[in-house]
Ligand code: C2O
Ligand code: CU
Ligand code: CU
């Protein structure tokens, strides 16, 4: 079949309501194939802006990723994932966690600029039955952040089972821009993950069986649903994308190759919207994009597995040329389909040309440089999980050391700009730092592209050249409650690719 034919076939399908029902039956359990198309689940909003504490019960549950098949899961006050926590700049956010599981759980606020004693690193794990009630002073600009398990040696397993949720921070400046902001209507949380299910629809996961690339799930799920559909207004729609996968790097693009505008990186709004047609997202990263559906056509979001589309190591672009430029690889189905409904009130305002002001430090303000070398091939031994169980593999290092909760690896001074430089001896790694946002200068030896020049807390590095960013920490983290830096491939993190630092 020629590429043109298969493409037209696909586009016809995607203009039909509920195109996701046409997903290949081979991927389905028999019970799923019979099911109705799934609507995009929208996590409940937990409003922390008025000072009431947000109750988050860490609990076991059961969730149908596809209609009719229940999978044992974990969640925060719900069966899978957690509510979207809404916070506001210059307002205190109080969280009230109760751990009802029979395993220890630490919960970290990823992307939050808060001191180490409320950051939720592994030192702050709740034993079974324990309560933790941190109050977070939100002092950072509007951003899409998230919360997730950060339990020593068990982060991958607990996130996989469901311990993750979104945090949305608002502020006056972002409110004034007129971007789509009706939660669940034209402002959608989109948590992208992948899972492997067995023949009975149960999760398959093993840290020790994970390959060097981490645990790669076979099936993409969006907010806990397989190939869901969202009915949205026929205007501008904001997607708050979170790569919440354990290990997958995704390439995001739309089935009709439409242009969208990226407006925010991990730590908030960029200076101006950046038009794009494809975008890479590494584990841990967030970005906000605006998709214009005013033409009335459905938009199918493709979440391609980077390892499969980076053909023969020739780069993502050769894979995408195959997709859009006449290659013969079959087109994948969308993992999320946006279907405009002209009856719904739509945001049709033009995008502002300027979104935010980002001030980079002058070279003279940067007082020191730290280098971090990530290595996957260390001759490691066992290390011990939070509850004393042995973790088989502790063989991935940063600067030659595996994570040790008794060791402070770096000591940083508060309020001073530093340059952090990252290089890998092997593999590609998304490096994440707690307690800050940073500004990337270089990625893998090249100047950071426009769409990476906003506030970030996760940066991709490899063995081709240094990734470099400038960072300043404005809060403190003590030896008892240090911050972490680590690879956000959760199996790398759990295998030791993490370090601790203080800020004083
Ligand atoms: Cu999202 Cu230390 O992690
Ligand atoms: Cu974090
Ligand atoms: Cu890694």
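The values are calculated or read from the model by the stated rules, or taken from the named source; none is laboratory data. This one's a predicted model, so the numbers in the text were calculated from it and none came from an experiment. Here the Cβ is made from the backbone with ideal geometry for all residues, glycine too, and neighbour counts use every protein chain on show.
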Take the residues of region 85-118 that are part of a loop (DSSP other than H, G, I, E, B) and closer than 27 Å to residue 181 by Cα: which is farthest from ligand 3 (Cβ to nearest atom)?
90
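Taking residue 178 as the residue in question, decide whether it is more than 22 Å from the chain's Cα centre (by Cα) and without any contact (Cβ under 8 Å) to a residue 40 or more places away in the chain. Let's see the steps before the verdict.
Working: more than 22 Å from the chain's Cα centre (by Cα): yes; without any contact (Cβ under 8 Å) to a residue 40 or more places away in the chain: no.
Taking the combined requirement at face value, the residue does not satisfy it.
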Which of (1) under 23 Å from residue 287 (Cα atoms); (2) surrounded by 24 or more Cβ atoms within 10 Å (Cβ to Cβ) does residue 440 not meet, given it meets every other one?
(2)
Please tell me if residue 432 is in contact (Cβ under 8 Å) with a residue 40 or more places away in the chain, within 24 Å of residue 141 (Cβ to Cβ) and either within 13 Å of ligand 3 (Cβ to nearest atom) or over 21 Å from the mean Cα position of the chain (by Cα) (or both).
yes
Breaking point among (1) more than 16 Å from ligand 1 (Cβ to nearest atom); (2) modelled with pLDDT of 95 or more; (3) assigned to a strand (DSSP E or B), for residue 65:
(2)
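Confirm whether residue 201 is under 19 Å from residue 309 (Cα atoms), more than 16 Å from ligand 3 (Cβ to nearest atom), assigned to a loop (DSSP other than H, G, I, E, B) and touching a strand residue (DSSP E or B) at 6+ places or on another chain (Cβ under 7 Å). Don't jump to the end; show me each part of the working.
Working: under 19 Å from residue 309 (Cα atoms): no; more than 16 Å from ligand 3 (Cβ to nearest atom): yes; assigned to a loop (DSSP other than H, G, I, E, B): yes; touching a strand residue (DSSP E or B) at 6+ places or on another chain (Cβ under 7 Å): yes.
Against the criterion (under 19 Å from residue 309 (Cα atoms), more than 16 Å from ligand 3 (Cβ to nearest atom), assigned to a loop (DSSP other than H, G, I, E, B) and touching a strand residue (DSSP E or B) at 6+ places or on another chain (Cβ under 7 Å)), residue 201 does not qualify.
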Of the residues that sit in region 356-376 and are in contact (Cβ under 8 Å) with a residue 60 or more places away in the chain and part of a loop (DSSP other than H, G, I, E, B), which one is surrounded by the fewest Cβ atoms within 10 Å (Cβ to Cβ)?
357
Looking only at region 108-133, filter to residues that are within 16 Å of ligand 1 (Cβ to nearest atom) and closer than 19 Å to residue 59 by Cα; which one of those is surrounded by the most Cβ atoms within 10 Å (Cβ to Cβ)?
120
Sort out which residues of region 129-156 are touching a strand residue (DSSP E or B) at 6+ places or on another chain (Cβ under 6 Å), part of a loop (DSSP other than H, G, I, E, B) and more than 15 Å from ligand 2 (Cβ to nearest atom), and write them in order of number.
130, 133, 141, 142, 153
If I filter region 469-504 down to residues being away from ligand 2 (no atom under 16 Å from the Cβ) and buried (at least 24 other Cβ atoms within 10 Å of the Cβ), which single residue comes out as farthest from residue 206 (Cα to Cα)?
496
Find the strands (runs of 3 or more DSSP E) located wholly in region 395-492 whose residues include 3 or more that are assigned by TED's automatic domain parsing to the domain that holds residue 272, within 16 Å of ligand 1 (Cβ to nearest atom) and at positive phi, and list them.
none
